[in-house]
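Take a look at the structure below.
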Amino acid sequence: MLKKFKISDIDIIMNLWKKEYFFSHKKMKNEELTQKYTIVKDKLLNKKSTTILYTEDDIIEGFISYDENNEIYLIYVDKAIRREGIGSMLVDACKKKCSKLSAIANSDNEIINCFFQKNDFKLDKNDNKCKYTWVKECQDKTRVVYFDNDINETLKNSDSLIDFKQIQLKDLIKEKEIKDVKTYLKIRKLIESVFKGKKVLLYINYNNYYPQVDDLIKEIAKISKTKFGVVISEPLVMENFKYRDRIKEIEQSYKSYKIYKIDTTSNIKGDISVNKILNEKMKVILSKIEEIAENM
């Protein structure tokens with residue numbers, strides 16, 4: 001049976017970990033082992049750390065722990081019940097809570113390396129370390145499509161359930177009309193490649209709007225039978241009024257679809273630099289997109 005970790009379980013867990021770790025690191029000095037023991041215990045008790053227990057007759061026989069970065073840093077199953085799928089059960093419990101997981105193992109640890117590969121983790125080998133990554137399949141995610149560099153993905157939530165897809169159009173569209181057939185087909189292929197999944201949101205930055213692809217996007221959205229919506233943000237007070245006309249143009253073009261308008265003005269306060277204002281604006285936009293995607 002899987003159970004949530006309680007602080008009262010810490011001594012039992014640490015004894016199980018100590019027995020396993022100390023046995024496999026016999027050559028380490030006592031002070032090094034003691035230091036490692038303290039580090040692991042502190043991390044388990046950290047509020048940002050999540051631990052799931054496996055029990056039989058209320059006795060803890062296994063556990064798994066991952067930190068705030070969704071990295072699995074501890075997994076243990078009693079030797080008597082190994083190879084019975086308990087480890088995979090613990091990993092599956094983590095997968096239900098996270099959209100992404102990672103783990104690091106020594107390259108010479110064949111058992112743990114086989115275990116992660118068996119549980120659909122992708123391997124990235126670097127020197128004597130093996131990094132494993134698992135990402136939840138995207139079919140249930142809302143896909144957010146955007147042009148060029150209109151979204152700063154470094155600001156997005158690392159545990160986001162959004163599948164971001166970028167379409168680079170800046171170098172393809174240099175004129176008002178797409179007259180070249182080869183260019184048209186290339187743009188069409190790019191758009192078709194991202195319009196996959198049950199739900200798609202198109203974020204349009206009014207500073208970087210391509211009206212010449214609107215009809216193509218609407219056609220592909222219709223063919224793909226995707227639930228489709230458009231996200232735009234209101235201009236900041238400091239920005240030129242010409243952007244308000246551009247927003248009206250976007251709304252008119254996509255009037256047959258659900259349009260979500262984000263007001264970032266009220267969230268940005270204080271006398272700060274332009275770069276910080278734009279940074280805060282993007283954070284608000286990403287936060288609002290998360291809400292829209294969740295309720296779409």
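Where a number appears in this text, it was derived from the coordinates with a stated rule and is not lab data. Everything numeric in this text was worked out from a predicted model, so none of it was measured. A quick note on method: Cβ atoms are made from the backbone with ideal geometry, for glycine too, and the neighbour counts reach across all protein chains shown.
For Glu56, which sequence-distant residues (separation of 5 or more, or a different chain) have an amide H within less than 5 Å of its own amide H, given hydrogens modelled in the peptide plane?
Residues meeting the criterion, in which the H sits 1.01 Å from N, are Glu61.
Once you list every other residue whose beta carbon is under 11 Å from the beta carbon of Ile111, what net charge do they have if Lys and Arg are +1 and Asp and Glu are -1?
On the way: positive: Arg82, Arg83, Lys118; negative: Asp108, Glu110.
Taking every other residue near Ile111 into account, the sum is +1.
Most exposed first by the Cβ proxy, i.e. fewest other Cβ within 10 Å, how do Ser99, Ser233, Ser193, Ser88 rank?
Ser193, Ser88, Ser99, Ser233
Name the residue, out of Asp148, Asp120, Asp171, whose mean-square fluctuation peaks in a Gaussian network model built on the chain with Cα pairs under 10 Å.
Checking each option, the largest mean-square fluctuation is seen for Asp171.
Show me, for the stretch 19-27, the HN-Hα J-couplings you get by feeding each phi into the Karplus relation (A = 6.51, B = -1.76, C = 1.60, θ = phi - 60°), rounded to Hz, glycine and proline as x.
4, 6, 6, 5, 5, 8, 10, 4, 7
Using a cut-off of 17 Å between alpha-carbon atoms, which lysines can reach Lys41, once sequence neighbours fewer than 8 places away in the same chain are excluded?
Answer for Lys41, where 17 Å is the Cα cut-off: Lys4, Lys6, Lys18, Lys19, listed by chain and number.
Quick check on the stretch 138-295: of the DSSP beta bridges with both residues there, what percent are antiparallel, nearest 5%?
0
Using helices alone, what [θ] at 222 nm do you get for the chain, with -39,500 (n - 2.57) per DSSP H run of 4 or more residues, divided over all residues and rounded to the nearest 500?
-12000 deg cm²/dmol
Scan [x] 55, 43, 40; [y] 78, 72, 41; [z] 70, 47, 39 for the value of Cα extents along the principal axes in Å calculated from this model and give just the label.
Label [z] holds the value from this structure.
Antiparallel as a % of all DSSP beta bridges within the chain, to the nearest 5?
55
Mind listing the phi-derived Karplus ³J(HN,Hα) values for the stretch 276-284, rounded to whole Hz, using 6.51, -1.76 and 1.60 with θ = phi - 60°, and x for any glycine or proline?
Per residue, the Karplus-derived 3J(HN,Hα) values read 5, 4, 5, 5, 5, 4, 5, 4, 5 Hz.
Running a GNM on the chain with Cα contacts under 10 Å, which residue among Cys114, Cys130, Cys94 ends up with the highest mean-square fluctuation?
Taking springs between Cα atoms under 10 Å, the residue moving most is Cys114.
Going down the list Lys199/Lys281; Lys97/Lys125; Lys131/Lys227; Lys118/Lys222; Lys125/Lys283, which pairs span over 28 Å between their C-alpha atoms?
Result: Lys131/Lys227; Lys118/Lys222; Lys125/Lys283 exceed 28 Å.
Please identify, among Tyr37, Tyr260, Tyr203, the residue showing maximal mean-square fluctuation in a Gaussian network model of the chain using a 10 angstrom Cα cutoff.
In the Gaussian network model the winner is Tyr37.
Hey, what do the phi angles of the stretch 180-192 turn into as Karplus ³J(HN,Hα) couplings, whole Hz, using 6.51/-1.76/1.60 and θ = phi - 60°, x for Gly and Pro?
7, 4, 4, 5, 4, 5, 5, 5, 4, 5, 4, 5, 4
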